[in-house]
Amino acid sequence: MLSGWRLRAVLAVVAVAMLTLSSYLGYVQELSAEDAQELVRAIEEAEKELISSGSAPEVALRLFTLEAPVLLTCNLPGVGPALAVYLTYEAGRYAKALEVVGSTEAYEPLGLSDAIRLTVLSVAFAESMYLTAVLLRRERWEALETAALVVLELSLIALVSAIEATSL
């Protein structure tokens, strides 16, 4: 059997592959013009509401408080991978919706914040699968290692929130 960190590394590679595939599958899905417009409109309304909540630091804090619970859920055994796959699938659908609508908004699917977010989701996905494997095999695990990874994930999501708040 693989040791803890080696297993985590293998699972991280699997996570990146699965999340990239999930995003691609969301992107290649057929969207009608009406569905695409509805999706883009909903995202734009959410952005406007977020921007109206105050200055860039306030927006960054609001973004962080919206994303942190979702990220923490992605670390849970069993539930985490499904949520991470869903999130990346929906990101792919949003990219497709922007294309269908012909939005002038430049969507960079691998912009800096998206690349960091994909990394964070991959780490959370891998940790969730690792915890699932440990629980199923009834092995001992170091909670401090998991806590350190969660702190790293939250730090990176705080960075993403700051980047996005300044770009809105």
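Read-outs: derived from the displayed coordinates by stated rules, not from any lab. What you see is a predicted model; the values in this text were computed from it and never measured. Every residue, glycine among them, receives a Cβ derived from its backbone with ideal geometry; neighbour counts consider all protein chains shown.
Could you work out [θ]222 nm for the chain from helices alone, using -39500 (n - 2.57) per DSSP H run of at least four and dividing by all its residues? Round to the nearest 500 deg cm²/dmol. Numbers along the way, then the final one.
Working: 6 runs with 137 residues, N = 168.
Value at 222 nm, helices only: -28500 deg cm²/dmol.
Within 14 Å, Cβ to Cβ, of residue 76, how many net charges do the neighbouring residues add up to if Lys/Arg are +1 and Asp/Glu are -1?
My count for the surroundings of residue 76 gives -2.
Can you tell me the alpha carbon radius of gyration of the range 1-70 divided by the globular rule-of-thumb value 2.2 N^0.38 Å?
On the way: Rg = 18.3 Å, N = 70, 2.2 N^0.38 = 11.1 Å.
Against the compact-globule rule of thumb, the ratio is 1.65.
Compute the FRET efficiency between residue 150 and residue 30 as 1/(1 + (r/R0)^6), taking r as their Cβ-Cβ distance and R0 = 35 Å, and round to the nearest 0.05. If you can, show how the numbers build up before the last one.
Working: r = 37 Å, r/R0 = 1.07.
Here the calculated transfer efficiency is 0.40.
What is the log10 of I(q)/I(0) for the range 22-132, computed with the Debye formula using one identical point scatterer on each Cα and no solvent, at q = 0.13, 0.16 Å⁻¹?
For the range 22-132 at q = 0.13, 0.16 Å⁻¹, log10 I(q)/I(0) is -0.57, -0.85.
If Lys and Arg each add +1 and Asp and Glu each add -1, what is the summed charge of the other residues whose beta carbon sits under 10 Å from the beta carbon of residue 31?
On the way: positive: 93, 96; negative: 30, 34, 35, 38, 99.
Residues close to residue 31 contribute a combined charge of -3.
Could you work out how far helix 143-167 tilts from the main Cα principal axis of the chain, as a 0 to 90 degree angle to the nearest 10?
10
Pairs of alpha-carbon atoms within less than 8 angstrom and 6+ residues apart define the contacts here; what relative contact order does the chain have, in percent? Provide the component values of the computation, followed by the final result.
Values: 181 pairs, mean separation 65.1, N = 168.
The normalised contact order for the chain reaches 39 percent.
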